[in-house]
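Colleague: First, the structure itself, so that you have it in front of you.
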Amino acid sequence: MILKEYEALLEAYSRAGGDRGILASREVGSLLIHENKVLGANRVEGLRLETEEFASGVRVRFLVEKGVRIEHPVHLCFGLLPQEGLQEIIMQVKMEEGSKVSVIAHCIFPNAVRVIHRMDAELEIGPGAEFNYQETHYHGELGGIEVIPKAKIRIAEKGVWRSSLSIVQGLVGKLDYDFEASCEEKAVAELLVKAYGKKDDELKVWERIHLNGRESRGLAKSRLVLIDRARGEVRGETYGNAPLARGHVDCLEIVNGEEAIARAIPIVEVRDRLAKVTHEAAIGSLDKKQIQTLMARGLEESEAIDVIVSGILRG
Amino acid sequence: MNINGKAVLDGLDLHVGRGEIHGLLGVNGTGKTTLANLIMGLISADEGRIVFEGQDITQLSISQRAKLGITLAWQEPARFEGLTVRNYLQLNGRADPEELEKTLHLVGLSPEEYLGRFVDSTLSGGERKRIELAAVMAMRPKLAILDEPDSGIDMISLPYIMQGVAEMVKGGSSVLLITHNESSVEIADRVSVICAGRIIQSGPPKEVCQWFKQNCQVCPAPNVPREEFRR
């Protein structure tokens, strides 16, 4: 049974554009979870990966040892192939001092009619450590999925956290994203969400960055494109609490449908006279000049819109 | 042509010959950009006709005009998130990779450095303008309308822009070079001066530029053509 699920998940992963060979490589750290079952795990030197299955999901402990800089990105693959189900991933991440890793997560729910995918993560990025996290979702066209990723990230001095979440393929369904990062001295937090809302998709994005340490830096960035009846709400919050802290909230929401609705709520707060936090939010239709420029190169209007939207969601 | 009840272009008659660089000179607010937008189809006129290679294109869309071989380089080109210079230059699929590199070299940009960069706000104004010109060149247009390619750019970029214009004509394009700077139209075959939406002078660059200096640059009412210039 497990072998069958393993094959089915890999097949879905390949169809979504993933490289099966990477998940099979012994040199690449990886973890493959279907529903609440761990189908495969590959540990590489310096990476401790422990898992524990429970009724509705899997608890994952992910640790990179002190000073270890993992050469190849670690691949995580989370999926649920049946039409209904719940998958909870409870993740604890610890990056020890001076360690570095890039993680590419693939979340695959191609048949979802009534599926919930929840991730609760606690992350500790040690002094001088660096964690780059890139999560891409592959959804089907039914839209019956709720994606609820929540993370609390503590970044010690000179630590770096960079994350991006991309839900561009298929219908988003419901997204309730909530990432909160706290930065100590000279630490860096960059949060990015890119999503393409269609039909009746509902997208809620909440990015919070607390710049608690001197010279810490934060960027809360979001790119949402909404068509049909999709609704999007972005709350980007950045708090400058320490001298020379620098933060920026950058929100772009494009509405290209008669009934689509976009809302942005940027909050910038400064509690230190030497801190500085800025924000920019652009909400509305596609830029006419951009469309005309591409049409003047010979593209039809619809083709021009596709190029612009693809760029926004890629960039 | 009226905008908000005011005539912006009025009785304008302009002919750009095949393989010609035609300079259009005029001070600010005389209707240069309006004319560029009108030819490209971004706006439509109340009356009059635009004819391209014998075909009336007045009612055609922007895309249809572009497919006939007309294109426009904006005075302030748009910027695009997530679109690389490579993809931007290949939008119409005419330029092969070797040609792209050559085109970038012609506008003084290194392909190694620029092809992978995004056409977004990380580019300076001069870089963006040079890439716009390269994109126009890559399209191999029959008519390139260049709206103030020389404005807002540094002295290093300017010769590359002019070199790009010359190369385009060598490649068989006609160019309508719009500017308020008479030294930029020295490379033109013919120059016309626009004032208050009318062509008030036309001829060889040397004479017309001299005339422009003597009359337009010292004109007390630059947007009102003097009676003797009305035709």
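The values are calculated or read from the model by the stated rules, or taken from the named source; none is laboratory data. What you see is a predicted model, and the numbers here were worked out from it, not measured in a lab. Here Cβ is always computed from backbone atoms with ideal geometry, including for glycine, and neighbour counts include all displayed protein chains.
Colleague: Counting only residues that are farther than 20 Å from B:VAL175 by Cα and outside any loop (DSSP other than H, G, I, E, B), how many does the stretch B:106-125 have?
Modeller: The qualifying residues number 6.
Colleague: Is it true that some residue in the stretch B:176-191 is exposed (fewer than 13 other Cβ atoms within 10 Å of the Cβ) and basic (Lys, Arg)?
Modeller: No - not one qualifying residue is present in the stretch B:176-191.
Colleague: Under the condition of being part of a helix (DSSP H, G or I) and modelled with pLDDT of 90 or more, which residue from the stretch B:149-166 is farthest from B:SER124 (Cα to Cα)?
Modeller: B:ALA166
Colleague: Which numbered condition in (1) modelled with pLDDT under 95; (2) within 11 Å of chain A (Cβ to nearest Cβ); (3) buried (at least 17 other Cβ atoms within 10 Å of the Cβ); (4) over 20 Å from B:SER174 (Cα atoms) is the only one that B:LEU100 fails?
Modeller: Tallying (1) modelled with pLDDT under 95; (2) within 11 Å of chain A (Cβ to nearest Cβ); (3) buried (at least 17 other Cβ atoms within 10 Å of the Cβ); (4) over 20 Å from B:SER174 (Cα atoms), B:LEU100 fails exactly one: (2).
Colleague: Identify, from the list B:THR58, B:THR71, B:THR84, B:THR33, the residue that is more than 12 Å from every other protein chain (Cβ to nearest Cβ) and crowded, with 18+ Cβ neighbours inside 10 Å.
Modeller: B:THR33
Colleague: If you go through the stretch A:94-109 one residue at a time, do you hit one that is farther than 23 Å from A:VAL28 by Cα and either within 14 Å of the chain's Cα centre (by Cα) or surrounded by 23 or more Cβ atoms within 10 Å (Cβ to Cβ) (or both)?
Modeller: Checking the stretch A:94-109: at least one residue is farther than 23 Å from A:VAL28 by Cα and either within 14 Å of the chain's Cα centre (by Cα) or surrounded by 23 or more Cβ atoms within 10 Å (Cβ to Cβ) (or both).
Colleague: Does the stretch A:290-302 contain at least one residue that is among the small types (Gly, Ala, Ser) and surrounded by fewer than 19 Cβ atoms within 10 Å (Cβ to Cβ)?
Modeller: yes
Colleague: Under 7 Å between Cβ atoms, at least 6 apart or on separate chains: pull out the pairs that start in the stretch A:123-149 with a residue that is on the phi > 0 side of the Ramachandran plot and end on any residue that is crowded, with 18+ Cβ neighbours inside 10 Å.
Modeller: Taking only residues 6 or more apart or on different chains, the pairs are A:GLY128/A:GLY98; A:GLY128/A:LYS158; A:GLY128/A:GLY159; A:GLY143/A:LEU171; A:GLY143/A:GLY173; A:GLY143/A:ASP201.
Colleague: Same structure, new question: Would you check which residues across the stretch A:280-296 are modelled with pLDDT of 95 or more and outside any helix (DSSP H, G or I) and list them?
Modeller: Within the stretch A:280-296, A:ALA296 is the sole residue that qualifies.
Colleague: I'm checking my understanding of the structure. Among residues of the stretch A:29-69 that are acidic (Asp, Glu) and under 15 Å from A:SER99 (Cα atoms), which one is surrounded by the most Cβ atoms within 10 Å (Cβ to Cβ)?
Modeller: A:GLU65
Colleague: So, A:VAL168, is that one within 27 Å of A:GLY18 (Cβ to Cβ) and buried (at least 20 other Cβ atoms within 10 Å of the Cβ) or not?
Modeller: Against the criterion (within 27 Å of A:GLY18 (Cβ to Cβ) and buried (at least 20 other Cβ atoms within 10 Å of the Cβ)), A:VAL168 does not qualify.
Colleague: What number of residues within the stretch A:205-223 satisfy the criterion of being of a type outside the set (Lys, Arg) and not in a strand (DSSP E or B)?
Modeller: So the answer is 4.
Colleague: While we're here: Here is a list of conditions, (1) in contact (Cβ under 8 Å) with a residue 12 or more places away in the chain; (2) closer than 21 Å to B:THR71 by Cα, and B:ILE200 meets all of them except one; can you say which number that is?
Modeller: (2)
Colleague: Same structure, new question: Out of curiosity, is A:VAL277 away from every other protein chain (no Cβ under 14 Å), part of a strand (DSSP E or B) and of a type in the set (A, V, I, L, M, F, W, C)?
Modeller: yes
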